[in-house]
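Okay, so here's the structure we're looking at.
FYI, it's all coordinate maths here, none of it is from the lab. The model shown is predicted, which means the values in this text are computed figures rather than measured ones. When we count neighbours, we look across all protein chains shown, and the Cβ atoms used for this are built from the backbone with ideal geometry, even at glycine.
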Amino acid sequence: MISHSRRHCVVELQALPSRIGQIRRIVSAQLRHWQLDPLIDRAALGVTELLTNVHRHAQPDKTCIVEIELRLGRLTVSVIDSDPRLPVLHEVQAGALETCGRGLALVAALSESWGARQQPDGPGKVVWFSLTAAPAPATPQQPVRIETRPVREPARTVVVSVDPGVLDPGVLDPSSVGTGVPVASPVGAGPG
């Protein structure tokens, strides 16, 4: 189930590996809609870590709710599951080679604040993190200057081919084309 309002989005799901990628895309799309593009990577990574914890540790089932909320300049991402056990932040040693147990340390590193609490109205817990929300900078709209220039057609070239043996003495000299002045034919161009 997905429900949306202007500043609130809730998704209910089974925290299975095949669904985690879908939730990342939903969170990313919602943040784009809210124009919070700079937060997409951190929010998607954080929600992935929290859902992975539900998948690995939550009992008795993997049903959970992902809730993202934008309020008063703060984006809060919460994952609610039915397991009442609160997560434990493991201290990560520099150079440690562990392949798991770093999820909450990563969430703590990428967020301004995070926490976990028991559900007040029933079994389960809420694990959340928050990020300061600054809208993506709008691309400046500068006017586009369009210059107009008259289009000139190129001068047309007229090529005339004439056999010099058939020129009449009264034909115009090619250098006088357009002047209308008749000239005598070249020497030796006459008949005969």
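For the pair ARG32 and SER18, label points projected 7 Å from Cα toward Cβ lie 2.5 nm apart.
For the peptides 44-51, 22-29, the ranking by mean Cβ contacts within 10 Å, running from highest to lowest, is 44-51, 22-29.
Between ALA109 and HIS8, residue separation times 0.36 nm minus the direct Cα-Cα distance comes to 33.9 nm. Peptides 80-86, 121-127 ordered by packing proxy, namely the average of other Cβ atoms within 10 Å per residue, highest first: 80-86, 121-127. Modelled spin-label separation between LEU45 and ARG85, with each label point placed 7 Å from Cα along the Cα-to-Cβ direction: 2.7 nm.
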